[in-house]
Amino acid sequence: MTDIKNEILQKSKDLFLSLGFKSVTMDDIARELGMSKKTLYSYYNKKERLVADSVLFVFNDICCDIDGICEASTNPIQELYDIKRMVLSKLKGDKSSPIHQLQRYYPKVHDDLKSRHFDHMQECFNKNLKEGIAQGLYIPTINREFVSRIYFVGMQGIKDLEIFPIDKFPVQELYDQYLDYHLRGIVTPAGRKILNQITNKNHD
């Protein structure tokens, strides 16, 4: 990737995440980059291509950081909270409206992202469950395939602004509540002790 193209993607993803995929125009991006629209179009002749590459740029960046957290982690429960914190930071708090705009105006890009997200999340969370069981923190009889899929469905579901409006469910609290709710269904007494320590610390 050229330096200019990388700069375009960096600026574009910041604008898309802050203002929404529909709201940001090619003129906005060119102006923020300090380049002519003609120069921008020499790299991306269609906004949808730029949206798709920006989404993939963010996705790959997040996946790289997730892999790093998983590799360094020694506690599967803390690992999920560390991943959650990192993802929300990368997505600028995940106000959800950019994702809804992506789904509405760029459905093909959204579907591709969802598929990639599912595949990576299944691999990551299955490893997390396996390690949690090995450490005696998760119930050994759980169906890992079911739990990993229901976790993904839940994470997608809480982004629905009609069901979870931001004024009633602030994003940070909502993700914490969902993670706590999900983990309490699969932890052993030893795992619950660690979970309580984490949640109590988060509430301080």
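Under the condition of being surrounded by fewer than 15 Cβ atoms within 10 Å (Cβ to Cβ) and among the small types (Gly, Ala, Ser), which residue from region 61-92 is nearest to Leu113 (Cα to Cα)?
Ser89
State which residue pairs qualify: first residue touching a residue at least 60 places away in the same chain (Cβ under 8 Å) and inside region 166-193, second residue of a type in the set (Ser, Thr, Tyr) in any location, beta carbons under 8 Å apart, and separation of 6 or more residues or different chains.
Close Cβ pairs (under 8 Å, with a partner that is of a type in the set (Ser, Thr, Tyr)) amount to Ile166/Ser96; Val171/Ser96; Asp176/Thr199; Leu179/Tyr81; Val187/Tyr138; Gly191/Tyr138.
Restricting the search to region 1-56, which residues are assigned to a helix (DSSP H, G or I), β-branched (Val, Ile, Thr) and farther than 24 Å from Pro107 by Cβ? First the steps, then the outcome.
Going residue by residue through region 1-56, those that are assigned to a helix (DSSP H, G or I) are 3-19, 26-33, 37-43, 47-56.
With the extra rule that they be β-branched (Val, Ile, Thr), the set shrinks to 4, 8, 29, 39, 51, 55.
Within region 1-56, Ile4, Thr39 qualify.
We did not get these values from a lab; they are worked out from the coordinates using the rules stated. Note that the coordinates shown come from a computational prediction; the quantities given were computed from them, not determined experimentally. Cβ sites come from the backbone with ideal geometry, for glycine too, and all protein chains shown count toward neighbours.
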